[in-house]
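J.: Got a structure for you, questions after.
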Amino acid sequence: MIKIVKPNPTHRAVREPALKQPAKRMSVRVRFAPSPTGALHIGGVRTALYNYLFARKNGGTFILRIEDTDQNRYVPGAEQYIIEALKWTHLIPDEGVGFGGDLGPYRQSDRKEIYQKYARELVRLGHAYYAFDTPEALEGLRAGEANFTYNFRTRTGLSNSLTLSADAVQQHLDAGTPCVIRLKVEPEQAIRIEDLIRGEVVFQSNELDDKVLLKADGMPTYHLANIVDDHLMGITHVIRGEEWLPSTAHHVLLYRGFGWEDTMPKFAHLPLILKPEGNGKLSKRDGAKFGIPVFPLAWAGQTAEDSFPGFRETGFLPEATVNFLALLGWHPGGEQEIFSMDELAQAFSIEHIGKSGARFDYEKAKWFNQRYIQAADNRALATSIRPLAEAKGYRSDEEFLVRSAALMKERVTFLPDFVEQGYYLFEPVRTYDNEMIGKKWNPALQPHFEALIEHVEAQTTFEASALEESLKEFMHGRSLKAGDILPLLRLALAGTMKGPAVFDMAAVLGKTETVRRLQTALAYFLGA
RNA sequence: GGCCCGUUCGUCUAGGGGUUAGGACGCAUCCCUUUCACGGAUGAAACACGGGUUCGAUUCCCGUACGGGCUACCA
């Protein structure tokens, strides 16, 4: 693997192109670049996953860059949330905020001066210009004409360094008049993009507006920051959501303007994740609407409306979450459904990413989780169950949890189900299935049941198969059918007809507890 | 409105000029099991529509419809 060492970009002269190596000889470098405006949406996790898998597949580098250039939308804690979410899903960046790396800083608010320098450079090169129009003035224009755009047609009648005299511009700059820097889009150009997922996409520059590159507060917009950073960080492939496709033409113009087109990254625009029902892309509000998590981790916002449950808290295993997400919009062909992270990385290719939006299928997500729980090691499950048991004040010793996990793993969907559906392994029966008791119990059974309790009490070993053998012998001796006694035994131990094999439950519960439950149940049966 | 993207079972998808259009989730039935699950088997279920091109289109091209995204000094 050839590692290209680059000098610190902040010390580099602006006009020098940073990277001259042909793209094909560079090792793959991809970035996940979320904005810390709140909890990371599950779609964002999928974007991170695809970037991660692409990097892994190609022996490349996966970078986390925080795009916090909008000071108004900054949400405290969001950055930490993003990092924690990536860790939970095992999408560990090789470089980035919180992960080191030589091409930082990786937080855009820490790179403000860099963008300003490049923005001015683009003005000098004639591909950008200062604009002094106030936001209010532009709003007024939009109010008058709904389709108003700041472009090659309208800019000649507006207040900017293209229409003002050099002196007037200098005066404004000296006086510190608030201004932005805009991209100067030249008309009559066709901009072709070779998208790795969609093929050729063509835009006409006449349709494009003169995007703001540097805002009046000195911060760059996404468009400028993204190009400057991708270039300085040596990004080879931009894998991002489809919502960015329309602005990619502007991005290409920026690469051209800076003279970086020969090292421009390749683009791959991912299809969106759609709502479970109805139209449109999955949004955070859909979580409450459909009663499903749409975030990897729970998020506690300022208000109840801004607080959301997460996959983790719902009881999803990270591996199942990743597997589910990976197949939402991508499939390698073939008939395999269950993939480990290594297998995903091995099988991954951008060519197999679908073009159309993928509906968020929660039933499928549940199925994956169930499969992963079934396949999980009992001891690993015990570790996951322990905090849940402790939270309820249940016993949580290793061996007991391991045995409980073994009994319940094939009938749960989520981690908390172990202590909720299977609560009777941890605490006495809360409610009995009266309908079933009505069907199975009759007073004539009382002496047999009493004898059963004695019989159980007399057991020397308390292991499932021995117990089963012994009880079957007991029933045979009294001419009782399994159907006469076993359902009642189950009801006594669990209160419900659902659950693990009775003898397994008895063994896990232990003799003392089993006898106690039989006694309690008998009293209940007699009273019922 | 304008620009851009998309459309195979209900859902996620495989496939690709000639296939009984394959798999998975979900659903239904059956088997296993004196519980519930797991597992196994079977079944119902799809190429949006209209024109081309072609001996032949679900597959290629063009329209239409429908869906989606973008259209900020947000990302």
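The values are calculated or read from the model by the stated rules, or taken from the named source; none is laboratory data. Remember, it's a predicted structure, so these values are computed and weren't measured experimentally. Because the Cβ atoms are built from the backbone with ideal geometry, glycine has one as well, and the counts that use them run over all protein chains shown. The protein model used for the area step is the full one, side chains on, heavy atoms only, and it has no ligands, DNA or RNA in it. Shrake-Rupley method; radii C 1.70, N 1.55, O 1.52, S 1.80 Å.
J.: Among residues belonging to segment A:175-208 that are in contact with a Ser or Thr (Cβ under 9 Å, 6 or more places away or on another chain) and assigned to a loop (DSSP other than H, G, I, E, B), point out the one that is most open to solvent (accessible area, probe 1.4 Å).
T.: A:GLU188
J.: Report, ordered by the first and then the second residue, all pairs with beta carbons closer than 7 Å, sequence separation of six or more or different chains, a first member in segment A:127-155 that is at pLDDT below 95, and a second member that is open to solvent by 70 Å² or more (accessible area, probe 1.4 Å) and within 8 Å of RNA strand B (Cβ to nearest atom).
T.: Correct list of pairs: A:PHE148/A:ARG142.
J.: If the Cβ limit is 7 Å and pairs must be 6+ apart or interchain, which residue in segment A:486-499 that is on the phi > 0 side of the Ramachandran plot pairs with which residue that is within 10 Å of RNA strand B (Cβ to nearest atom) and small (Gly, Ala, Ser)?
T.: none
J.: Give segment A:471-514 a look and list any residue that's more than 10 Å from RNA strand B (Cβ to nearest atom), closer than 16 Å to A:ALA451 by Cβ and crowded, with 19+ Cβ neighbours inside 10 Å, or say none.
T.: A:LEU471, A:LEU488, A:LEU489, A:ALA492, A:THR514
J.: Would you please name the residue that is nearest to A:ILE235 (Cα to Cα), looking only at residues in segment A:60-98 that are small (Gly, Ala, Ser) and open to solvent by 10 Å² or more (accessible area, probe 1.4 Å)?
T.: It comes out as A:GLY60.
J.: Additional query: Say whether the condition of being within 16 Å of RNA strand B (Cβ to nearest atom), open to solvent by 70 Å² or more (accessible area, probe 1.4 Å) and in a loop (DSSP other than H, G, I, E, B) is met by at least one residue in segment A:327-337.
T.: yes
J.: Name every residue in segment A:209-228 that is more than 30 Å from A:SER349 (Cα to Cα), open to solvent by 30 Å² or more (accessible area, probe 1.4 Å) and within 7 Å of RNA strand B (Cβ to nearest atom), in order of residue number. Give the derivation first.
T.: Narrowing segment A:209-228 to residues more than 30 Å from A:SER349 (Cα to Cα): A:209-221.
Now narrow it down to the ones that are open to solvent by 30 Å² or more (accessible area, probe 1.4 Å): A:209, A:211-212, A:215-217.
Once the filter is applied, which keeps residues that are more than 30 Å from A:SER349 (Cα to Cα), open to solvent by 30 Å² or more (accessible area, probe 1.4 Å) and within 7 Å of RNA strand B (Cβ to nearest atom), segment A:209-228 yields A:ASP209, A:VAL212, A:LYS215, A:ALA216, A:ASP217.
J.: In the list A:THR303, A:THR314, A:THR263, which residue meets the criterion of being among the hydroxyl-bearing types (Ser, Thr, Tyr), on the phi < 0 side of the Ramachandran plot and within 16 Å of the chain's Cα centre (by Cα)? Can you show your working first?
T.: On the way: A:THR303 fails: within 16 Å of the chain's Cα centre (by Cα); A:THR263 fails: within 16 Å of the chain's Cα centre (by Cα).
On inspection, the qualifying residue turns out to be A:THR314.
J.: Output the residue which, of all residues in segment A:229-245 that are within 24 Å of A:GLN71 (Cα to Cα) and either part of a helix (DSSP H, G or I) or in contact with a helix residue (DSSP H, G or I) (Cβ under 7 Å, 6 or more places away or on another chain) (or both), is nearest to RNA strand B (Cβ to nearest atom). Outline the logic, then answer.
T.: Within segment A:229-245, the subset within 24 Å of A:GLN71 (Cα to Cα) is A:229-233, A:240-241, A:243-244.
If we keep only those that are either part of a helix (DSSP H, G or I) or in contact with a helix residue (DSSP H, G or I) (Cβ under 7 Å, 6 or more places away or on another chain) (or both) too, we end up with A:229-232, A:240-241, A:243-244.
Working: A:ASP229: 11, A:ASP230: 12, A:HIS231: 16, A:LEU232: 16, A:ARG240: 10, A:GLY241: 8, A:GLU243: 4, A:TRP244: 6 Å.
Per the stated criteria, the residue is A:GLU243.
J.: Filtering segment A:245-261 down to residues that are among the hydroxyl-bearing types (Ser, Thr, Tyr) and open to solvent by less than 10 Å² (accessible area, probe 1.4 Å), which residue is nearest to A:LEU183 (Cα to Cα)?
T.: A:TYR255
J.: Let me ask you something else. Can you name the condition, by its number, that A:ASP167 falls short on among (1) more than 18 Å from A:LEU213 (Cβ to Cβ); (2) within 15 Å of RNA strand B (Cβ to nearest atom); (3) open to solvent by 40 Å² or more (accessible area, probe 1.4 Å); (4) not aliphatic (A, V, I, L, M)?
T.: The number of the failed condition is (2).
J.: Quick check on segment A:357-371: of everything there that is surrounded by 17 or more Cβ atoms within 10 Å (Cβ to Cβ) and touching a Ser or Thr at 6+ places or on another chain (Cβ under 9 Å), which residue is farthest from A:ALA326 (Cα to Cα)?
T.: Filtering segment A:357-371 for residues that are surrounded by 17 or more Cβ atoms within 10 Å (Cβ to Cβ) and touching a Ser or Thr at 6+ places or on another chain (Cβ under 9 Å), the one farthest from A:ALA326 (Cα to Cα) comes out as A:GLN370.
J.: Something else now. So which residues in segment A:308-326 are closer than 17 Å to A:ARG56 by Cα and either β-branched (Val, Ile, Thr) or open to solvent by 10 Å² or more (accessible area, probe 1.4 Å) (or both), if there are any at all?
T.: A:GLU319, A:VAL322
J.: When you scan segment A:338-356, how many residues do you find that are within 16 Å of RNA strand B (Cβ to nearest atom), over 16 Å from A:THR321 (Cβ atoms) and open to solvent by 40 Å² or more (accessible area, probe 1.4 Å)?
T.: Residues of segment A:338-356 within 16 Å of RNA strand B (Cβ to nearest atom): A:338-339, A:343-344, A:347-356.
Going one step further and asking which of them are over 16 Å from A:THR321 (Cβ atoms), we end up with A:347-356.
From what's left, open to solvent by 40 Å² or more (accessible area, probe 1.4 Å): A:351-352, A:355-356.
Final tally of qualifying residues: 4.
J.: Determine, yes or no, whether A:GLY126 is loosely packed, with under 13 Cβ neighbours inside 10 Å and within 15 Å of RNA strand B (Cβ to nearest atom).
T.: no
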